[in-house]
Amino acid sequence: MKRCCYPGSFDPFTNGHEEIVKRALKLFDEVVILVADNSNKKYTFSLDERVEIIKETFKNYKNVIVESTDGLVVKKAKELNCTCLVRGLRAISDYEYEFSVNATNTFIDKDIDTIYLMASKEYSFLSSSTIKELHKYNQDISSLVPEAVLKMYKKHIKN
Ligand code: ADP
């Protein structure tokens, strides 16, 4: 049984993230989506909301597990019996960032490796920040995020 860990902030989860999970499922038996919560970061969606969105998106998948951590991703991934991490790459700027994240992760634990999946052409421009920006200016984001994100935005407006 091969299980990988896909860590990220997912603030919010996008169709680009969803596509990476579906492609990782072709390589691994199970994917653990690990929602990271960093006390130094300010999020639009709370940790519980980010987890809820992802659980709802993958409610029909028995091989997708959703977990969260406010600690070190590599430690949590190992605890969850993941053999490696999966990350997505869009542009060169992602490469530079991922290069330093990987160096830190392997410093912490040299046994945990990371594989990188290239973003599809369709979603290579898509990021959580893009979603937040488009939403702020009342643009239709329904073709870019799972239904659960739209529902959560509606909930924010009500409260
Ligand atoms: P982080 O805060 O850890 O960078 P994100 O939620 O922004 O987390 O992204 C999680 C992972 O998904 C990262 O590896 C990022 O490069 C990747 N990713 C984000 N958007 C896309 C996309 N549209 N296509 C492919 N990979 C993506």
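No lab work stands behind these numbers, since they all come straight from the coordinates. Predicted model, so just to flag it, every value in this text is computed and none were measured. Cβ coordinates were reconstructed from backbone atoms using ideal geometry, including for glycine residues, and neighbour counts include every protein chain displayed.
For the cross-link pairs 75/136; 26/76; 110/136, the ones whose C-alpha atoms lie over 31 Å apart are 75/136; 110/136. Placing unit charges on the Cβ atoms of the charged side chains and taking the dipole of the range 1-127 about its Cα centre, the candidate lying farthest along the positive direction among 21, 91, 39 is 21. Based on alpha carbons, the Rg and Dmax found for the range 18-89 are 12.4, 34 Å.
Here the chain is treated with +1 on each Lys and Arg Cβ and -1 on each Asp and Glu Cβ, and its dipole about the Cα centre works out to around 260 debye.
Annotation: aspartates and glutamates with alpha-carbon distance below 18 angstrom to residue 78 (same-chain offsets under eight excluded): 29, 30, 37, 67, 70, 109, 111, 113. Its DSSP H runs of at least 4 residues, each contributing -39,500 (n - 2.57), put the calculated 222 nm mean residue ellipticity of the chain at -12500 deg cm²/dmol, to the nearest 500.
Here's the list of lysines a cross-link from residue 132 could span, going by alpha-carbon distance under 23 Å and ignoring same-chain residues fewer than 8 apart: 41, 42, 55, 121, 151, 154, 155, 158. Among the cysteines of the chain, those with no neighbouring cysteine Cβ under 4.7 Å are 4, 84.
With q set to 0.10 Å⁻¹, the log10 of I(q)/I(0) for the chain, from the Debye formula over equal scatterers at the Cα positions, is -0.35. Distance between the 7 Å Cα→Cβ label points at residue 140 and residue 101: 3.2 nm.
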